[in-house]
1. If the elastic network links every pair of Cα atoms under 10 Å, which of A:Gly177, A:Gly56, A:Gly109 fluctuates the most in the Gaussian network model of chain A?
2. Taking the Cα centre of chain A as origin, sum charge times position over the Cβ atoms of Lys and Arg (+1) and Asp and Glu (-1), and report the length of that vector in debye to the nearest 20.
3. Can you list the residues, at least 5 places off or on another chain, whose amide H is less than 5 Å from the amide H of A:Ala241, using H built in the peptide plane?
4. Treating the beta-carbon of each Lys and Arg as +1 and of each Asp and Glu as -1, no other charges, what is the dipole magnitude of chain B about its Cα centre, to the nearest 20 debye?
5. Using a Gaussian network for chain B with springs between C-alpha atoms less than 10 Å apart, which of these wobbles most: B:Leu44, B:Leu93, B:Leu16?
6. Considering the options B:Ser32, B:Asn178, B:Gly49, tell which one lies farthest towards the positive end of the dipole of chain B, charges being +1 on Lys and Arg and -1 on Asp and Glu at the Cβ, about the Cα centre.
7. Only Cα pairs within less than 10 Å get springs; with that Gaussian network setup on chain A, which residue of A:Asn113, A:Asn140, A:Asn105 has the largest fluctuation?
8. Taking the DSSP beta bridges in the protein assembly as shown as the whole, what percent of them are antiparallel, to the nearest 5?
Amino acid sequence: MEAITVIVYISIYLGLFATTFYILSFISYSKKERVFYTDEELPAVSVIIPAYNEEGAIEKTLKSVLKSDYPDFEIIVVDDGSTDRTLKIAKKFASRKTRVFHKENGGKGTALNFGIKKAKGKIIFTMDADTTVDRKSMKNMVRFFKDKEIMSVSPAIVIDKPRNILQRVQYMEYLLGLFLRKAFASIKSIYITPGAFSAYRKSFFDRHGLYEIGNPTEDLEMALRIQYNGYYTENCPEAPAYTTAPATFRELMIQRRRWYFGLLQNLWRYRKIIGKRYGDLGAFVIPTALSSIILSVIVIVYMFFKTLFEVKDSLIFYQSINFDFPSTLNVNFYFIERVLFLFFSKPVVLFIILFMAVLGFYMHYASKKIGRLSGLFVNLVLFYLFFAILFGLWWVITIFYIALSKTVKWRDL
Amino acid sequence: MEKRDFESKNRYAISLVIATVVFLLIFAISYSISYFELQRVSNLQVGVGYEIFEDKLGHSFFNEQICNGSSFSKVSQDLSFQGRIVDDLERRLGKQNENVLLRKQFYSLIEIEHFEFVREFNQKCREDLNTILFFYSNNVSEIEDSEEAGRILGSVSSRNENLIIYSFDIDLESELVNKLEKKYNVTASPTAVINEKTKIKLPANIQEIEKHLQ
């Protein structure tokens, strides 16, 4: 057996094992009893919105927060030295409830820290200036903080109005992530909080410090810091937050390079988390995630080139039997039989179908939490077609970056 | 920080069992599909073999006309499809798989039968169908040349509608194939015998082959 075949089957087996484990964890979590704040107990919260050149989005963001049904909240807009009309637009909303500050440009981390220092609430929401939230999201998320061990709550991040192929692929990626995030929460193992919208207990910042300046993924660092200090992050899928996805390949590439670089950098820094001492997170979730990344990249790169050669071979084959390409709509019996046999007699194809069914289950979960999802079928097809190759490409480029000792910063964007 | 407990250690064991069962089940299903496909191809081969024999007997024993019948083109099409299925079986189950070799033996028999049919068809109906007997080998030292020659012949076939190619594995344990090799004095692979007259060792050029076609 070829080495690559062994790697493929190890990846599949690991995938099956992890998927089963997460589904079982999810089922067991839904049966657990938990404590929540009642409406009367909800503490005061501060929503911090750092903004840099967001004149096109800030108004919509502020309006969505102001519509929230949360009883006691303030908004702190920190204009991070924008050169456009962001500050002017934000100032239109200035009131007792909405405070607007301006500072010199220093990056997202500095703007967040500036806002946290000004905040009066016991719970801090960090929110991107191009993100909007549902009326009920803040309330649903804050309820979880009744549990004293919970230091952070992540929402259900959804891509707002995906238009092109790249955005649709990301839309599906985020939706599928909803289930996994909840499954991770069920074993107290969330190690990433979305920068677009997340809630934190302010006392954690007071005790363990503010955001780290210069970290390419300061939100991820914070999530790992929470775990490292023995606390947890919860997930609230009933709290949708809509964010804008990168629309061009270049923008997306830069974003993913930063994320993946940040993930590796921060995991290395908090490497003591890996091991039995941190329970499921250290012994299973992070090691599985890392080995999945390594195996996936090898398999995806190999499969990409193998598929290219197989397509070339197939074209030669169909030419050799005088297959009439222009009339492919007029599908012929030989063609169907050959395709069916070639595909369904391969275990890998059956495994792919099985994993697709699992993704379908994840989708069902997402649609239950978010509501009716439009264009689901088209988006799912695009996701199946492009995600794997994009994922492989992002990781390969990130690895090259690390190998060449290049650094990735926020303002690479 | 205090050591953190696992949520449930049993869950790992249960997941391991479920994953193993599903993993093995998928393999079992895929091999069942391969097995059923092999059975189906076997039945198909028998069917095509029967049709060729029937047509030949109809002509030689009952003096039926073969020139205006449509069965010839259908049988030829089925034969071509079978060749591809055998090719796929080789890829899927391996070139040395016992079942595949058995199917190849039977396929070679049908090819020879069809070849004889074409010879008669050309004579009686004054047709000028070209034939190429292609002898190849799956031996490690010769497989690359054989596959390359196969690709070239595939291209020649797609350019010439009145050409039928019969492929024979010279390493196949088949007395008929051995006799065919001797008849056309084939000593090495790959070799192409065009219209029973011209023999080309290591066919590597489309034009070289096409100049011998009618």
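1. With Cα springs under 10 Å in chain A, the top fluctuation among A:Gly177, A:Gly56, A:Gly109 is at A:Gly56.
2. Values: 54 positive and 36 negative charges, 216 e Å.
Roughly 1040 debye for chain A.
3. Amide H neighbours of A:Ala241: A:Ala156, A:Ile157, A:Val158.
4. Numbers: 25 positive and 33 negative charges, 68 e Å.
Here chain B has a charge dipole of around 320 debye.
5. Maximum fluctuation in the GNM of chain B, among the listed residues, is at B:Leu16.
6. About the Cα centre, the residue reaching furthest to the positive side is B:Ser32.
7. A:Asn105
8. Working: 18 of 51 bridges.
Around 35 percent of the beta bridges assigned by DSSP in the protein assembly as shown are antiparallel ones.
None of the figures in this text is laboratory data; all of them are computed from the coordinates on show. Keep in mind it's a predicted model, so treat the numbers as computed, not measured. Note: ideal-geometry Cβ built from the backbone for every residue, glycine included; neighbour counts use all protein chains shown.
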